[in-house]
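Here's the structure, in structure tokens; my notes come after.
Readers should treat all values here as calculations from the given coordinates under stated rules, not as data from a laboratory. Note that the structure is predicted; figures quoted are calculated from it, not measured. Cβ: placed from backbone, ideal geometry, glycine included. Neighbour counts: every protein chain shown.
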Amino acid sequence: MKKYVIPFSIASIFLMGAICFRWPYGYYTLLRLVVFILIGITSVQAWNDNRQWLGYSTALIVVIYNPLIRIHFTRDIWIFVNGVTILGFGVLLAIYKLEEKKNNADQGKKKNH
């Protein structure tokens with residue numbers, strides 16, 4: 001679980017900073033880089049863990065925050081996108097946690113039989 005919580009949390013802190021404050025342009029470049037790298041690594045981990053749903057979801061985030069091939073939005077749209085991304089991280093973690101509980105319960109049933 002930590003391998004997903006930590007990158008999502010760090011990325012969320014940067015995204016919240018972009019929502020709450022006005023920064024010099026360099027911050028937004030750093031934000032794209034941090035989100036791109038952390039969530040890119042998370043996406044690869046998800047694929048390696050056979051969690052394709054998480055891999056696809058995080059790959060979409062990587063595309064949106066790609067610092068090399070930029071998507072240009074207005075500030076208001078970026079604030080919305082950043083907020084949706086933070087909410088998305090929460091939803092992904094909740095789904096992951098539910099899936100883990102289900103898998104643990106299934107393994108417990110197999111051990112009892």
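Contact map, the range 9-32: residues that are within 13 Å of Thr85 (Cβ to Cβ) paired with residues that are of a type in the set (Ser, Thr, Tyr), Cβ distance under 6 Å, separation 6+ or inter-chain. Pairs shown: Leu15/Thr85; Arg32/Tyr65.
crowded, with 16+ Cβ neighbours inside 10 Å and either in contact with a Gly (Cβ under 8 Å, 6 or more places away or on another chain) or among the β-branched types (Val, Ile, Thr) (or both): does that describe Thr74? So Thr74 fails the test.
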